[in-house]
């Protein structure tokens, strides 16, 4: 097999971005994907926040990309057995281009995005597993591909092969993550139709919604989600893997019980399940970002652990795209100097630190510990429901003020000591 200037492993957002950018810079690039086509192995039920970098690479990107809906409404729903309380944010500012965030159907989007890389000159090899990197004089100098035992030579490799990156592990850049640092997502894709989706969520045109749920995981740390595509709705749960193991509960059973909860069941009435999937997610945050480079090798996207939660939503795809772009810029700079040593490739980490990627991850580094508080996913949703029910109850007795009703509910549901401790802990994690 012919040699290349660079090999990228994994045709997700990070890998395709890196490939496209390097090809635009005049480099000869091979993109290797394990799936039959880019996006075929993806499980994604969320949204891509506005990302300026894609417009830099492909002018008019959002006018041509196959996105589903632009998100104007964000809803957080706390479930507490017999009640549900929703907090809704909706902005007309998010209803004007460039839109703040877009829902995607990744099998379609990833294939389209990879085609853009191909048009730029990237060679794409699908249905192939990269088994390992090859080395010469201590530096990565290509990859070994499982199919036909092929070897591809290149002075630099960018590994974008997912959260359990085989290449990062074999390169000694990090150890396999523990259950306490991982989450598992389960998702169902339901077909409902564009008109019914708009009607049930109060949307028009290509407006979209994202909704998160707390108190729906039966004591397991985690939550639910719902995202609107054009004709379909992605519905699922994300669980902290360590907590799920401790409880001894099966993700699929919890997912089935989530679907019959009243607020979810009403939305999905008449919908048809067309796909079910599950996927591991990195949840360690900033402290578990591995060493990102070595001689001839860079990590990007999930392989670099670039994913975090800020307490309200998970950020990942925009970080993956940006990391792929910055990895490509680092490789181009290395070519200009003819130097692919770790000292030269260290510029990649510098670029990430100067961008929003590692800055945001550092800002929300402590929220990982906050998300390990079991009460956040069980007790506090019940507390919200108790307070709201007390405020709206009409039984012929004098009504309590909000302060009195809230204080009584805190004492009865949470306990004063735990509540104060959680407030202090939560405040520290968000400061």
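Since every read-out is calculated from the coordinates, none of them should be taken as a lab result. Fair warning: this is a prediction, and the values are worked out from it, not measured in the lab. Please note: Cβ atoms are built from the backbone with ideal geometry, for glycine as well, and neighbour counts cover all protein chains shown.
Figures for the structure shown
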quantity: Ranked list, fewest to most other Cβ atoms within 10 Å of each Cβ, for 384, 184; calculated: 184, 384
quantity: Normalised alpha carbon radius of gyration of the stretch 179-282 [divisor 2.2 N^0.38 Å]; calculated: 1.10
quantity: Alpha-carbon gyration tensor eigenvalues x 5, square-rooted, for the stretch 369-430, Å; calculated: 26, 11, 9
quantity: In Å, descending, principal axis extents of the Cα set of the stretch 65-169; calculated: 61, 38, 24
quantity: Where only alpha carbons of the stretch 133-178 are counted, the Rg and the Dmax (Å); calculated: 11.3, 33
quantity: Residue order, fewest to most beta carbons within 10 Å, for 91, 141; calculated: 91, 141
quantity: Rg/Rg_ref, the chain, where Rg_ref = 2.2 N^0.38 Å and atoms are Cα; calculated: 1.05
quantity: Nearest 10 degrees, 0 to 90: helix 416-430 Cα axis against the chain principal axis; calculated: 30 degrees
quantity: Highest-fluctuation residue, 405, 300, 11 considered, GNM on the chain with Cα pairs under 10 Å; calculated: 405
quantity: Relative contact order of the stretch 234-334, defined on C-alpha pairs under 8 angstrom at six or more residues apart (%); calculated: 16 percent
quantity: Relative contact order %, the chain, counting alpha carbon pairs below 8 Å whose residues are six or more apart; calculated: 19 percent
quantity: P(r), alpha carbons of the stretch 94-228 - 10 Å bins starting at zero, rounded %; calculated: 8, 24, 27, 24, 15, 3, 0
quantity: Pairwise FRET efficiency - residue 169 versus residue 28, Cβ, R0 = 30 Å, nearest 0.05; calculated: 0.65
quantity: Fewest-first sequence of 108, 58, 321 by Cβ atoms within 10 Å of each Cβ; calculated: 108, 58, 321
quantity: Over the stretch 369-430, relative contact order from alpha-carbon pairs under 8 Å, at least 6 apart, %; calculated: 44 percent
